[in-house]
Amino acid sequence: DWMYTLSAPFMTNAFLAGLCISLAAGVMGYFTIARHSTFAAHALAHIGLPGATGAVLLGLPVSLGMGVFALGGALVIGLIAGFGLLSVIASVLLALSLAATEVSGSKPVGPALQPVLQALLGAIRVGG
């Protein structure tokens, strides 16, 4: 019975959490688009992945590793944004974070990305 499931206390909490997240994401998304920084925001999500992997390897909380790497990436992008090369820097950081995630063995990539990673990493690549 769906009504029983939807009226369960954990579902009430899930609906409230989803409402809060959707409101915050909507506001943040509006300002991200208004400031023309969607590519940099997308890159920051990928920059955090090696941090999360490193945190797991060090026995630290995943959110700490991801947050530190994403904050560091945001600072680097912010420092370099004054030179007018924001999309170039975001592209490079996105490629480097993909390479770092692959080297750390976080999640193997599909065969379509194998030539790209081979060109990026060459002989140091350790995943398959």
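Points worth noting:
- Pairs, first in contact (Cβ under 8 Å) with a residue 40 or more places away in the chain in segment 14-30, second loosely packed, with under 10 Cβ neighbours inside 10 Å and not in a helix (DSSP H, G or I), C-beta under 8 Å, six or more apart: none
- Under the condition of being hydrophobic (A, V, I, L, M, F, W, C), over 17 Å from Val92 (Cα atoms) and open to solvent by less than 90 Å² (accessible area, probe 1.4 Å), the residues counted in segment 19-46 number 5.
- The set of residues in segment 47-65 being over 14 Å from Leu96 (Cα atoms), buried (at least 21 other Cβ atoms within 10 Å of the Cβ) and of a type in the set (A, V, I, L, M) consists of Ala52 alone.
- Filter result (assigned to a helix (DSSP H, G or I) and either surrounded by 10 or more Cβ atoms within 10 Å (Cβ to Cβ) or among the polar types (S, T, N, Q) (or both)) within segment 1-14: Thr5, Leu6, Met11, Thr12, Asn13, Ala14
The values are calculated or read from the model by the stated rules, or taken from the named source; none is laboratory data. For clarity, every value in this text was computed on a predicted model and none was experimentally measured. Neighbour counts run over all protein chains shown; Cβ positions are idealised from the backbone, glycine included. Surface accessibility is based on the protein's heavy atoms, side chains included, excluding ligands, DNA and RNA. Shrake-Rupley method; radii C 1.70, N 1.55, O 1.52, S 1.80 Å.
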